[in-house]
Amino acid sequence: MGLLVRLLGPEIQAASPGPADDFWYTDQGQLSFTGVNVSPDTALKISTVFRCVSAISQDIAGMPLIMYRRLERGKERAPNHPLYTVLHDQPNEWQTSFEWREMMLGHLLLRGNAYCLIQEGPRGFADQLLPLNPARMKVEQLSNRRLRYTYTGENSRDTVYTQDEIFHLRGLSNDGILGLSVVSLARESFGLGIATEQYGARFFSQNASPGGVLQLDGVLNDEGYQRLKKGWEDTHGGLPGAHKIAILEKGTKWQQVGLSNEDSQFLATRNLQIEEIARWFGVPLHRIGHTSGVTSW
């Protein structure tokens with residue numbers, strides 16, 4: 001820390017999170033080739049990702065979750081089973097069954113894994129299912145093939161649990177221990193989606209070319225060039241300057257131009273990324289509100 005302070009200055013002490021800060025235990029993400037940092041939190045800011053995750057998680061959370069007792073012929077509800085009210089009504093003190101399942105599916109879809117601590121109580125061996133942050137969990141397989149879970153709490157202390165104490169919901173896995181994170185696998189697709197949104201935002205906030213170019217008969221000196229450049233940017237730059245009247249000096253001509261190939265490719269890229277992200281989650285385009293000539297029928 002002393003070396004960093006000498007190199008970067010004393011302000012690093014105020015800028016660096018404390019040892020117990022959530023910063024060190026949240027997904028910091030990975031850089032994509034676009035230069036954008038992609039993590040579950042940043043990916044969720046993409047409207048397509050948010051809609052895909054919410055559509056899947058809400059659909060599953062809204063389905064009936066009822067325990068049945070098998071009979072010789074048919075079945076019947078088993079409300080006296082210890083897990084009936086835990087799963088059907090309220091898995092813990094602050095969440096409903098719908099909220100809990102929606103959250104668990106959100107963790108699963110973005111991070112590949114979802115965890116809950118199984119706590120004993122009045123309702124039996126699983127009185128409460130307490131959700132845990134997947135970013136703070138470490139899973140290891142022991143020599144006897146059982147799993148060991150190490151969870152770093154908010155106090156930065158590690159707590160070790162056996163596999164009997166943790167409810168582990170995993171997605172598609174290549175080792176049977178941890179589920180694969182869609183965000184990690186689709187890092188480039190999500191990164192391009194974030195990059196195009198940032199490009200679009202900067203295009204509207206910083207653009208100073210409202211659909212045309214200025215042509216002059218002669219060559220301006222440095223002072224005249226800077227004056228014309230500054231005046232045009234101040235008047236027509238960004239959203240406040242959109243569609244303002246341009247007052248041209250003697251000899252200056254305005255030439256209207258259409259949408260450039262670069263801008264046309266930008267719009268096509270945005271549409272392509274919507275389809276690409278939906279493909280990663282397996283969600284039909286009409287489910288996320290994206291309709292076109294292909295999907296509108």
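For Arg101, the requirement of being closer than 26 Å to Tyr149 by Cβ, within 30 Å of the chain's Cα centre (by Cα) and either among the charged types (D, E, K, R) or open to solvent by 20 Å² or more (accessible area, probe 1.4 Å) (or both) is met. Counting only strands (runs of 3 or more DSSP E) that sit wholly inside segment 72-168, those with at least 3 residues that are closer than 25 Å to Ala61 by Cα are 75-77, 113-121, 124-132. Taking the conditions (1) of a type outside the set (D, E, K, R); (2) open to solvent by less than 40 Å² (accessible area, probe 1.4 Å); (3) modelled with pLDDT under 85 in turn, Ala55 satisfies each one other than (3).
Scanning segment 153-189 for residues that are at pLDDT below 90 and among the charged types (D, E, K, R) returns Glu154, Arg187, Glu188. The conditions of being at pLDDT below 95, within 17 Å of the chain's Cα centre (by Cα) and among the small types (Gly, Ala, Ser) are not met by Ser16. Residues that are among the basic types (Lys, Arg) and closer than 24 Å to Leu132 by Cα within segment 59-102 comprise just one, Arg101.
The values are calculated or read from the model by the stated rules, or taken from the named source; none is laboratory data. Given the structure is predicted, the values throughout are model-derived calculations rather than measurements. FYI the Cβ positions are ideal-geometry reconstructions off the backbone, even for glycines, and counts take in every protein chain you see. We work out accessible area using only protein heavy atoms, side chains counted, and drop any ligands, DNA or RNA first. Shrake-Rupley method; radii C 1.70, N 1.55, O 1.52, S 1.80 Å.
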